[in-house]
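Structure first, then comments.
The values are calculated or read from the model by the stated rules, or taken from the named source; none is laboratory data. Since the structure is predicted, the reported quantities are computational estimates derived from the model, not experimental observations. Note that we place each Cβ from the backbone using ideal geometry, even for glycine, and neighbour counts take in every protein chain shown. Each accessible area value is taken on the protein alone, full model and side chains, heavy atoms only, with ligands, DNA and RNA left out. Shrake-Rupley method; radii C 1.70, N 1.55, O 1.52, S 1.80 Å.
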Amino acid sequence: MGALTIHDSIPIPTTTSSMPRLGFGVYQLYGQHCRQAILAALAAGFRHIDSAQLYRNESEVGAAVRQSPVEREQVFLTTKIRAAAGSPEKTYQSALDSVNRVGGAGGYVDLFLVHIPGSSREAREELWKALERLHAQGKAKAIGVSNFRVQHLEEMKEYACVWPPHVNQLELHPWCQQRDLVQFCRDNGIVLQAYSPLSRGEHLGDEALGAVAAKHGKSPAQVLIRYGLQKNWVPLPKSGNPERIKQNADVFDFALDDDDIKALDGLDQGPSGALFPANVK
Ligand code: A2P
């Protein structure tokens, strides 16, 4: 793991794509602030940006990438569809609009996710069919899901042409390890992305984490990102602050040892407040 670099990618099984192992989250970043944060992230070495319809910044992501000196092909861009739109055609159109916002008119996204399982199987099927259509058209190089539990992943087998989904994006950090679900994804070749890898900042003052950070001369946030990388998750830390953005990319000059991993593994609190608990059934 010590040899890991910011340029490393994870192959996405059954596709020709690969995904940079570290991504940049843009939840709650809007307008000019969002654009500047993305430019700072690209300058710091991030080549992977995670957006969503829900974040209301897809256009900013597209604009920032076009504005940056980094080529579009060098950046891995993700978005997520929030909800079915009332008919298969309307849902497809909603997803296609996102592709055009993020990838530019006539462009593509590298990954398109169903954001949440929502409340009905019909809606999940309609959403997945829209993403499968984009995938077949080459407008979404890979497709996946987010916040899906084992039951939702199993259910997909009833309606999916593309199974397994290429990715499941979950809340993952030492206090929320979702071990059974993680194992299921591993067993089935589903790439795991970790949202809120910094626990939304809630546990950065944790004593055990602080001890590991002090041992390596790194910040608690850097240790959490490194932990995610060493778990073979794809961490997506969010920051709107240029200094912290740089810091979050600077996680490739140290490695956690078995004792460190064990200490952090011991912090699990079971499934914590996922973003949309009320909707997950
Ligand atoms: P900010 O955007 O002001 O930097 P998560 O990725 O787990 O959702 O966490 C995001 C939260 O963590 C945000 O509040 C963000 O604030 C904060 N954050 C991001 N990077 C760091 C860092 N290196 N040190 C401390 N806090 C950070």
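Assorted remarks:
- Identity of the residue in region 138-170, among the aromatic types (Phe, Trp, Tyr) and open to solvent by 10 Å² or more (accessible area, probe 1.4 Å), that ends up farthest from the ligand (Cβ to nearest atom): TYR159
- Residue list for region 248-281, restricted to those being modelled with pLDDT of 95 or more, open to solvent by 60 Å² or more (accessible area, probe 1.4 Å) and under 19 Å from the mean Cα position of the chain (by Cα): ASP250
- Subset of region 92-109 [open to solvent by 30 Å² or more (accessible area, probe 1.4 Å) and part of a loop (DSSP other than H, G, I, E, B)]: ALA105, GLY106, TYR108
- Once region 226-247 is narrowed to residues that are touching a helix residue (DSSP H, G or I) at 6+ places or on another chain (Cβ under 6 Å) and near the ligand (Cβ under 10 Å from one of its atoms), the residue that is farthest from ILE190 (Cα to Cα) is PRO242.
- Of all the listed residues (GLN178, GLN193), the sole one being touching a residue at least 60 places away in the same chain (Cβ under 8 Å) and within 14 Å of the chain's Cα centre (by Cα) is GLN193.
- Test for GLY228: is it among the small types (Gly, Ala, Ser) and assigned to a loop (DSSP other than H, G, I, E, B): no
- Taken together, the residues in region 21-54 that are outside any loop (DSSP other than H, G, I, E, B) and either more than 16 Å from the ligand (Cβ to nearest atom) or open to solvent by 20 Å² or more (accessible area, probe 1.4 Å) (or both) amount to 12.
- The residues on offer are ALA136, ALA123, ALA142, ALA208, and the sole one that is touching a Gly at 6+ places or on another chain (Cβ under 8 Å) and at pLDDT 95 or above is ALA208.
- For ALA123, the stated conditions do not hold, so it cannot be described as aliphatic (A, V, I, L, M) and open to solvent by 40 Å² or more (accessible area, probe 1.4 Å).
- Within region 171-208, tally of residues that are buried (at least 19 other Cβ atoms within 10 Å of the Cβ), away from the ligand (no atom under 12 Å from the Cβ) and among the aliphatic types (A, V, I, L, M): 5
- ALA263 passes every criterion in (1) closer than 16 Å to LEU204 by Cβ; (2) within 15 Å of the ligand (Cβ to nearest atom); (3) touching a residue at least 12 places away in the same chain (Cβ under 8 Å); (4) out of contact with any strand residue (DSSP E or B) (no Cβ under 9 Å at 6 or more places or on another chain) apart from (2).
- Within region 24-46, residues that are within 17 Å of SER196 (Cα to Cα) and of a type in the set (Ser, Thr, Tyr) reach partners that are more than 9 Å from the ligand (Cβ to nearest atom) and modelled with pLDDT of 95 or more with beta carbons closer than 8 Å, at six or more positions or on different chains, in the pairs TYR27/ALA52; TYR27/TYR55.
- Output for region 210-221, where each listed residue is more than 14 Å from ASP258 (Cα to Cα) and either more than 14 Å from the ligand (Cβ to nearest atom) or surrounded by 24 or more Cβ atoms within 10 Å (Cβ to Cβ) (or both): ALA211, ALA214, GLY217
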